[in-house]
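Novice: First, the structure itself, so that you have it in front of you.
Any read-out appearing in this document is the output of simple, stated calculations on the displayed coordinates, not a laboratory observation. This is a predicted model, so every value here is computed, not measured. Because the Cβ atoms are built from the backbone with ideal geometry, glycine has one as well, and the counts that use them run over all protein chains shown.
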Amino acid sequence: MADVVRVVAADDPLRDLFSPAGELTAEGRSRLGLDAAALRELYRNMVLIRRADQEALNLQRQGELGLWGQFLGQEAIHVGAIAALRTTDWVFPSYREFGMAMIRGVDPADMLTMFRGLSHGPWDPRKYHFAPLAIPVATQVPHAVGFALGCRLKHSDEVVLSTFGDGATSEGDWHEAMNFAGVFKAPVVFLCQNNGWAISVPLSRQTAGSIADRARGYGFPGIRIDGNDVLGVYAAVMAAADRARQGEGPCLIEAVTYRMGAHTSSDDPTRYRTESELEAWNAKDPIARYRAWLEQQGTIDEGTVAAIADAAESAAQAMRARLTAMPTPPPGEAIFGRVYSNPPEPFLREREEFESSLEGS
Amino acid sequence: MEAVTMAKAINLSLRDALTHDENVLIFGEDVGALGGVFRITDGLQKEFGEERVFDTPLAESSIIGISVGLALRGFKPVPEIQFDGFIYPAFEQIVSHVAKYRNRSGVPLPITVRVPFGGHIGAVEHHSESPEAYFAHTAGLKVVTPSTPGDAYALLQAAIDDPDPVIFFEPKARYYLKEEIDTAARVPIGKARVAHEGSGVTVIAYGPTVSVALQAAKTAAAEQISLEVIDLRSLSPLDMDTVMASVRKTHRAVVVHEAPVFCGFGAEVAARISHDAFDLLEAPVARIGGLNVPYPPARYEKLYLPDVDRILQAADAALAYG
């Protein structure tokens with residue numbers, strides 16, 4: 001067994017970028033190659049998606065959305081991971097990756113139609129290289145592995161990002177997909193957003209072991225990193241993606257973060273977690289931390305910070321305006337229109353019956 | 001062409017699909033060097049290589065799960081589930097994703113899931129099941145099953161050509177049924193066929209029960225009773241036009257399948273006939289199938305499965321009704 005561990009460790013490009021506690025080292029930071037504009041872009045994107053997230057919660061509270069699941073506190077993962085990929089690399093998200101999709105260019109108002117009861121998936125995944133949100137936990141992980149295997153079979157250098165939460169690592173599909181990825185050396189980066197909670201169940205009830213260490217059992221490297229450091233996430237995903245691109249197979253990154261909000265707007269976290277836990281994580285806020293670092297480096301000034309805040313405010317208001325002005329598409333097309341490529345005759349008849357039953361009503 | 005078994009016809013159909021479209025991939029448990037436990041994929045890995053015909057780890061959910069990703073990447077996956085009773089771990093992937101992905105995203109998934117199904121092979125538990133109703137119940141899937149080597153070849157071609165997902169149930173007890181096949185013949189998905197013309201009672205069957213129904217028709221003919229046998233071939237979409245054309249002629253119908261009668265696919269067929277031909281029917285629509293018990297140990301399967309006698313009894317009862 002020791003040999004297996006050693007082989008994997010020797011082949012691990014992530015390990016020396018991070019301290020044993022998962023902090024990006026000064027050496028690792030210096031190797032990122034990001035100029036000041038790129039560093040500011042990471043900040044800007046985190047601010048933009050946080051403001052959109054807050055606006056979505058406002059919309060839910062005002063009755064404009066049926067449900068909202070905040071990603072407050074997880075912005076560094078959303079932004080750092082997407083920045084580390086090429087736009088041609090596909091992302092297979094779970095259901096809390098609104099920020100990732102936004103950065104990929106998906107219109108946030110379109111995305112919110114899912115939570116307004118108008119759509120199950122409003123963007124074309126092929127246009128944004130961003131798969132639909134997957135609501136059944138961990139079921140998207142084998143899709144990512146299949147896509148990555150397909151990239152390998154097509155001899156392309158695309159890689160795939162598979163994201164999921166800590167709860168997903170308990171699901172059979174997650175283990176199956178990790179195993180398939182190892183066996184097929186699929187070019188996939190597994191990114192666990194370990195936010196500590198699966199609705200009301202804490203990590204300690206989810207697993208008795210380490211998520212990152214599981215990778216070894218599947219024959220590839222795994223590492224636990226600080227998920228509230230946007231540069232750490234960027235570095236880890238970049239290194240794992242490079243390795244996958246070179247044909248070296250998958251990596252598992254466990255990015256430790258915290259779900260500052262409720263599971264969704266229907267949840268009440270005061271029933272299962274303490275205010276002090278929240279305060280401790282608030283002190284590690286990914287945006288405040290990064291801003292302090294940028295200021296310390298002289299990479300950002302007050303004027304830029306204010307301009308970014310204004311831009312985020314305008315974008316959030318535009319999202320709200322566009323969403324609330326959206327018409328409700330006709331029911332026949334909305335519910336029958338996308339089921340089949342070539343709708344069979346009996347299906348068309350049912351649609352006709354349905355549509356004529358609506359006439360005059 | 002010389003007569004071939006259904007097993008060989010499926011093998012030829014897969015071979016032709018691999019030849020004609022470089023995006024067709026075949027994978028599953030033991031489908032590579034072994035050629036599958038029923039040898040359906042025999043020789044395909046040797047001919048097309050390990051990148052196009054390959055063994056996977058033993059995990060049905062991910063066999064279907066990777067099919068979704070491969071289809072998104074431009075492939076036409078033809079995964080094999082080794083036995084009917086082993087499809088359940090993949091149920092979530094099939095129902096929650098394969099069936100619904102197009103509706104959710106607009107992206108069609110050209111996946112054909114091959115599943116040997118049905119009993120009559122003297123097997124241990126989990127090897128003789130008929131889970132077709134679970135899938136026919138799910139919108140977004142097409143569900144087909146051939147009863148002859150020729151249909152097996154052609155329906156599989158149609159399934160692989162289809163831009164949307166198809167569950168392809170292979171009646172494993174009929175794998176060794178032999179006939180001449182015409183590989184140029186086309187069988188569209190969603191069209192039933194009249195397997196035997198008759199005028200007294202319509203017997204509606206699919207997959208493994210078609211040959212039982214044909215045997216019943218032959219026996220009945222000797223007693224001057226005329227049965228018309230309809231082979232549905234496709235459960236979803238369901239070709240009620242062909243069924244109703246027959247029932248309008250016979251005014252009597254019996255539906256036969258191996259799956260339990262309770263909530264079985266026959267319930268849908270019987271309800272539709274009863275609704276659409278209420279005024280024409282001379283007798284209630286009868287359903288013949290498995291009992292509402294888990295599939296029994298092999299020594300008892302002949303008592304559980306529909307046979308010629310049960311079909312004839314149902315036909316006699318329909319003719320004598322009222």
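Novice: Mind jotting down the distance between the C-alpha centroids of the range B:127-162 and the range A:73-126, whole Å?
Specialist: Comparing the Cα centres of the range A:73-126 and the range B:127-162, I get a distance of 36 Å.
Novice: At a 10 angstrom cut-off on C-beta neighbours, averaged per residue, how do the peptides A:107-120, A:27-40, B:192-205 rank from highest to lowest?
Specialist: Going from most to least packed, we get B:192-205, A:107-120, A:27-40.
Novice: Please report the orientation-averaged projected area of the range B:193-320, defined via the convex hull of its C-alpha atoms, in nm².
Specialist: Quarter of the Cα hull surface area: 7.3 nm².
Novice: Using amide H atoms built in the peptide plane, which far-off residues or other-chain residues are under 5 Å from A:GLY165 H to H?
Specialist: A:GLN193
Novice: Could you go through the range A:24-35 in sequence order and give the Karplus-derived ³J(HN,Hα) for each residue, using 6.51 cos²θ - 1.76 cosθ + 1.60 with θ = phi - 60°, rounded to whole Hz, and x for Gly and Pro?
Specialist: These are the phi-based 3J(HN,Hα) values: 4, 7, 4, 4, x, 5, 6, 8, 5, x, 9, 7 Hz.
Novice: Mind checking the mean number of beta-carbon atoms from other chains within 10 Å of the Cβ atoms in B:73-79?
Specialist: Whole-number average of other-chain Cβ neighbours for B:73-79 is 4.
Novice: Mind checking the mean number of beta-carbon atoms from other chains within 10 Å of the Cβ atoms in A:175-185?
Specialist: Mean shielding count: 4.
Novice: Work out which helices of chain A, taken as complete DSSP H runs, extend at least 15 Å along their axis over the Cα atoms and score a mean Kyte-Doolittle of -1.0 or more, then list them.
Specialist: On the way: long enough: A:36-61 (38 Å, -0.37); A:141-153 (18 Å, 1.14); A:172-184 (18 Å, -0.01); A:230-245 (22 Å, 0.93); A:286-297 (17 Å, -0.95); A:302-324 (33 Å, 0.22); A:345-358 (20 Å, -1.18).
Going by DSSP H runs, the hits are A:36-61, A:141-153, A:172-184, A:230-245, A:286-297, A:302-324.
Novice: In terms of the Cα gyration tensor, with a ≥ b ≥ c the square roots of its eigenvalues, is the range B:254-322 rounded because a/c is under 1.5, prolate because a/b exceeds b/c, or oblate?
Specialist: oblate
Novice: For the range B:3-180, what is the convex hull (Cα atoms) projected area averaged across all directions, in square nanometres?
Specialist: Numbers: hull surface 36.6 nm².
The orientation-averaged projected area of the Cα hull of the range B:3-180 comes to 9.2 nm².
Novice: Over its Cα atoms, what ratio of radius of gyration to 2.2 N^0.38 Å does the range A:20-105 give?
Specialist: In units of the 2.2 N^0.38 Å rule of thumb, it is 1.26.
Novice: Starting with the highest mean, order A:177-188, A:54-65 by the number of other Cβ atoms within 10 Å, averaged over the residues of each peptide.
Specialist: Per-residue mean Cβ counts within 10 Å order the peptides as A:177-188, A:54-65.
Novice: Residues of B:87-97, mean number of Cβ from any other protein chain within 10 Å of their own Cβ, rounded to a whole number?
Specialist: Partner-chain Cβ atoms within 10 Å, mean over residues of B:87-97: 2.
Novice: Give the long-range amide H neighbours of B:VAL24: residues separated by 5 or more places, or on another chain, with amide H under 5 Å away, using H modelled in the peptide plane at 1.01 Å from N.
Specialist: Sorted by chain and number, the residues that satisfy this are B:LYS76.
Novice: Which listed residue (B:ASN103, B:TYR206, B:GLY118) has the Cα farthest towards the positive end of the charge dipole for the protein assembly as shown, taking +1 on Lys and Arg C-beta and -1 on Asp and Glu C-beta about the Cα centre?
Specialist: It is B:ASN103.
Novice: Taking the Cα centre of the range B:3-180 as origin, work out the dipole magnitude from +1 charges on Lys and Arg Cβ and -1 charges on Asp and Glu Cβ, in debye rounded to 20.
Specialist: Charge dipole of the range B:3-180: 280 debye, to the nearest 20.
Novice: With +1 on each Lys and Arg Cβ and -1 on each Asp and Glu Cβ, and nothing else charged, work out how big the dipole of the range B:29-76 is about its Cα centre, in Debye to the nearest 20.
Specialist: Charge dipole of the range B:29-76: 220 debye, to the nearest 20.
Novice: Taking Cα atoms of the range A:213-320, Rg/Rh with Kirkwood Rh, to two decimals?
Specialist: Checking Rg against Rh, the ratio lands at 1.06.
Novice: What is the range A:2-311 by shape, rounded, prolate or oblate, if you read a ≥ b ≥ c off the alpha carbon gyration tensor as root eigenvalues and call it rounded for a/c under 1.5, prolate for a/b larger than b/c, and oblate otherwise?
Specialist: Taking the square roots of the gyration eigenvalues as a ≥ b ≥ c, the range A:2-311 is rounded.
Novice: Would you mind pulling out the separation of the Cα centroids of the range A:285-309 and the range A:233-262, in Å?
Specialist: For the range A:285-309 versus the range A:233-262, the Cα centre distance is 24 Å.
Novice: Further, regarding this structure: Mind ranking B:67-77, A:306-316 by how tightly packed they are, going by the mean number of other C-beta atoms within 10 angstrom, highest first? Provide the component values of the computation, followed by the final result.
Specialist: On the way: B:67-77: 25.5, A:306-316: 15.1.
Put in order of decreasing packing, that is B:67-77, A:306-316.
Novice: How tilted is helix B:240-250 with respect to the longest principal axis of chain B? Cα atoms for both, answer in degrees (0 to 90, nearest 10).
Specialist: Taking the Cα atoms of chain B, the angle to B:240-250 is about 20 degrees.
Novice: Would you pull out the residues with amide H under 5 Å of A:VAL160's amide H, same chain only if 5 or more places away, H placed 1.01 Å from N?
Specialist: A:VAL188, A:VAL189
Novice: Still on this model: Could you give the alpha-carbon Rg of the range B:236-284 over 2.2 N^0.38 Å, rounded to two decimals?
Specialist: 1.10
Novice: Let me ask another. Using only the alpha-carbon atoms of the protein assembly as shown as identical scatterers, what base-10 log of I(q)/I(0) does the Debye formula give at q = 0.06, 0.08, 0.10, 0.12 Å⁻¹?
Specialist: After summing over all Cα pairs, the log10 values are -0.41, -0.68, -0.97, -1.23.
Novice: Can I ask one more? At a Förster distance of 35 Å, what's the computed FRET efficiency of A:ARG271 paired with A:GLU41, Cβ-Cβ distance as r, to 0.05?
Specialist: Taking R0 as 35 Å, the efficiency between A:ARG271 and A:GLU41 is 0.35.
Novice: What are the extents of the Cα atoms of chain B along their three principal axes, in Å, largest first?
Specialist: Principal extents (largest minus smallest coordinate, Cα): 62, 42, 40 Å.
Novice: Sticking with the crude label model, points 7 Å out along Cα→Cβ, report the distance from B:GLN215 to A:ASN342 in nm, one decimal please.
Specialist: Here the answer is 3.6 nm between the modelled labels.
Novice: Moving to a separate point now. Measure nothing fancy, just the Cα-based angle from helix B:308-320's long axis to the longest principal axis of chain B, in degrees from 0 to 90, nearest 10.
Specialist: With rounding to tens, the tilt is 40 degrees.
Novice: Also, quick follow-up: Each residue of the range B:13-29 in order: what ³J(HN,Hα) in whole Hz does its phi give by Karplus 6.51 cos²θ - 1.76 cosθ + 1.60, θ = phi - 60°, with x for Gly and Pro?
Specialist: 5, 5, 4, 5, 5, 4, 5, 7, 9, 5, 8, 6, 10, 10, 7, x, 8
Novice: Further, regarding this structure: Defining a contact as two alpha carbons under 8 Å apart and six or more residues distant in sequence, what relative contact order in percent does chain A show?
Specialist: Rounded, it is 23 percent for chain A.
Novice: Considering only A:GLY232, A:TYR128, A:GLN70, whose Cα is most displaced toward the positive end of the charge dipole of the range A:2-311, charges sitting on Cβ of Lys, Arg (+1) and Asp, Glu (-1)?
Specialist: In the range A:2-311, that residue is A:TYR128.
Novice: Here's a follow-up. Which value, in debye to the nearest 20, describes the size of the charge dipole of the protein assembly as shown about its Cα centre when Lys and Arg Cβ atoms bear +1, Asp and Glu Cβ atoms bear -1, and nothing else is charged?
Specialist: It comes to approximately 320 debye.
Novice: Using only Cα atoms, find the angle between the long axis of helix B:265-276 and the longest principal axis of chain B, and express it within 0 to 90 degrees, rounded to the nearest 10.
Specialist: For B:265-276 against chain B, the angle is about 50 degrees.
Novice: What fraction, in whole percent, of alpha-carbon pairs in the range A:276-317 exceed 15 Å separation?
Specialist: 56 percent
Novice: Would you calculate a helix-derived [θ] at 222 nm for the protein assembly as shown, using -39,500 (n - 2.57) for each DSSP H run of n ≥ 4 and dividing by the full residue count, to the nearest 500?
Specialist: Here the helix-only value at 222 nm equals -12500 deg cm²/dmol.
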